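Notes to accompany the following structure.
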Ligand code: AVJ
């Protein structure tokens with residue numbers, strides 16, 4: 001019996017992963033071909049994403065880490081010890097560690113769709129913080145936001161770092177935050193790290209790193225389709241494109257066909273003409289005013305905002 005594991009109560013809400021095949025066939029059949037970004041993250045995709053986080057052009061992780069480290073005590077005073085800290089899409093549970101000593105929550109609820117990854121992250125976290133009760137919840141937080149039974153009664157605070165909200169379009173963010181508001185209840189907290197609008201050359205560089213990892217990450221979606229759905233995408237006929245769409249306030253990632261040709265996926269043919277593309281991701285960028293307005297319309301009010309000197313990124317603390 002591993003005594004450490006006594007602090008971990010694992011809840012499996014058995015998320016139904018939307019069928020990859022159906023999503024790809026549906027997405028490639030549309031006038032504007034598109035595949036949702038959640039399908040990037042197979043084993044290789046998750047590794048490539050970890051590598052993106054290390055690229056010098058991709059400033060987000062460093063700026064956010066500096067902010068969390070610098071303001072951890074202040075954040076801790078606002079959140080108050082004994083809170084229940086909930087993190088949708090917790091992944092490796094890296095970032096929360098910058099806050100645990102100063103926050104001293106009564107429980108931590110990491111939520112992730114990736115079951116084994118969630119279990120492993122929770123185990124290693126528990127070894128580092130043996131005093132912390134952990135309630136990992138395996139679920140797809142874009143589909144269901146449920147809390148495990150038996151969590152303590154403290155103030156509920158939801159933590160969404162890494163600009164993850166950027167993948168939603170603004171209406172979806174509003175809807176999602178309204179759901180979060182229901183979870184925290186009045187008086188609950190919301191701690192969000194979100195990328196900001198800035199000089200497009202900085203944004204374009206971040207999604208077109210010189211080492212080509214972002215390109216590999218994007219193209220790996222085609223490899224995944226080839227491997228899992230019997231596709232015959234020729235990776236030499238597609239190019240990674242990422243650029244800031246100023247009008248929409250978002251980075252768009254595309255896979256652009258370099259010539260007219262057909263691709264077969266699961267016994268279905270899809271015609272690509274030269275220059276046609278699959279839209280694979282949006283990453284919205286918010287000015288603080290824009291995000292605060294959005295959060296207000298979901299019932300949250302801003303208590304404090306922290307930003308770096310270059311105004312690259314902001315962390316918001318809001319109250320329900
Ligand atoms: C995980 C959605 C925050 O949009 O910056 C990074 C994903 N895609 N490089 C982002 C991503 C290409 C990332 N998010």
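Residues are listed down the side, and each one gets a yes or a no for (1) touching a helix residue (DSSP H, G or I) at 6+ places or on another chain (Cβ under 6 Å); (2) surrounded by 17 or more Cβ atoms within 10 Å (Cβ to Cβ); (3) in contact (Cβ under 8 Å) with a residue 12 or more places away in the chain:
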| site | (1), (2), (3) |
| --- | --- |
| 162 | no, yes, yes |
| 178 | no, no, yes |
| 196 | no, yes, yes |
| 201 | no, no, no |
| 218 | no, yes, yes |
| 231 | yes, yes, yes |
| 246 | no, no, yes |
| 253 | yes, yes, yes |
| 260 | no, no, yes |
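Got at least one residue in the stretch 203-221 being in contact with a strand residue (DSSP E or B) (Cβ under 9 Å, 6 or more places away or on another chain), outside any loop (DSSP other than H, G, I, E, B), away from the ligand (no atom under 15 Å from the Cβ) and over 16 Å from residue 291 (Cα atoms)?
No, there is no match, as no residue in the stretch 203-221 is in contact with a strand residue (DSSP E or B) (Cβ under 9 Å, 6 or more places away or on another chain), outside any loop (DSSP other than H, G, I, E, B), away from the ligand (no atom under 15 Å from the Cβ) and over 16 Å from residue 291 (Cα atoms).
Residue 144 passes all but one of (1) surrounded by fewer than 18 Cβ atoms within 10 Å (Cβ to Cβ); (2) modelled with pLDDT under 95; (3) in contact with a strand residue (DSSP E or B) (Cβ under 9 Å, 6 or more places away or on another chain); which number fails?
(3)
Spot the failing condition for residue 225; the list is (1) under 28 Å from residue 286 (Cβ atoms); (2) touching a residue at least 60 places away in the same chain (Cβ under 8 Å); (3) not in a strand (DSSP E or B), and only one is missed.
Residue 225 satisfies every listed condition except (1).
So which residues in the stretch 299-316 are buried (at least 20 other Cβ atoms within 10 Å of the Cβ) and closer than 16 Å to residue 183 by Cα, if there are any at all?
If the condition is that a residue be buried (at least 20 other Cβ atoms within 10 Å of the Cβ) and closer than 16 Å to residue 183 by Cα, then 300 is the only one that fits.
Tell me which residues, restricted to the stretch 128-152, are touching a residue at least 60 places away in the same chain (Cβ under 8 Å) and not in a loop (DSSP other than H, G, I, E, B).
134, 137, 138
Report the residue count in the stretch 62-77 for those that are buried (at least 19 other Cβ atoms within 10 Å of the Cβ) and closer than 25 Å to residue 207 by Cα.
4
Of all residues being touching a strand residue (DSSP E or B) at 6+ places or on another chain (Cβ under 8 Å) and at pLDDT below 95 in the stretch 94-113, which is surrounded by the fewest Cβ atoms within 10 Å (Cβ to Cβ)? Just the residue, please.
That would be 113.
For residue 20, work out the one condition from (1) over 24 Å from residue 264 (Cβ atoms); (2) surrounded by 15 or more Cβ atoms within 10 Å (Cβ to Cβ) it doesn't fulfil.
The one condition residue 20 does not meet is (1).
Specify the residue that is nearest to residue 96 (Cα to Cα); the eligible residues are those in the stretch 46-58 that are within 10 Å of the ligand (Cβ to nearest atom) and under 16 Å from the mean Cα position of the chain (by Cα).
Residue satisfying both the conditions and the ranking: 53.
If a residue has to be in contact with a strand residue (DSSP E or B) (Cβ under 7 Å, 6 or more places away or on another chain), assigned to a loop (DSSP other than H, G, I, E, B) and within 14 Å of the ligand (Cβ to nearest atom) to count, how many in the stretch 153-197 make the cut?
Residues that pass the stated criteria total 5.
The values are calculated or read from the model by the stated rules, or taken from the named source; none is laboratory data. All of these numbers come straight from a predicted model, not from anything done at the bench. All Cβ positions, glycine included, derive from the backbone under ideal geometry; neighbour counts span all protein chains shown.
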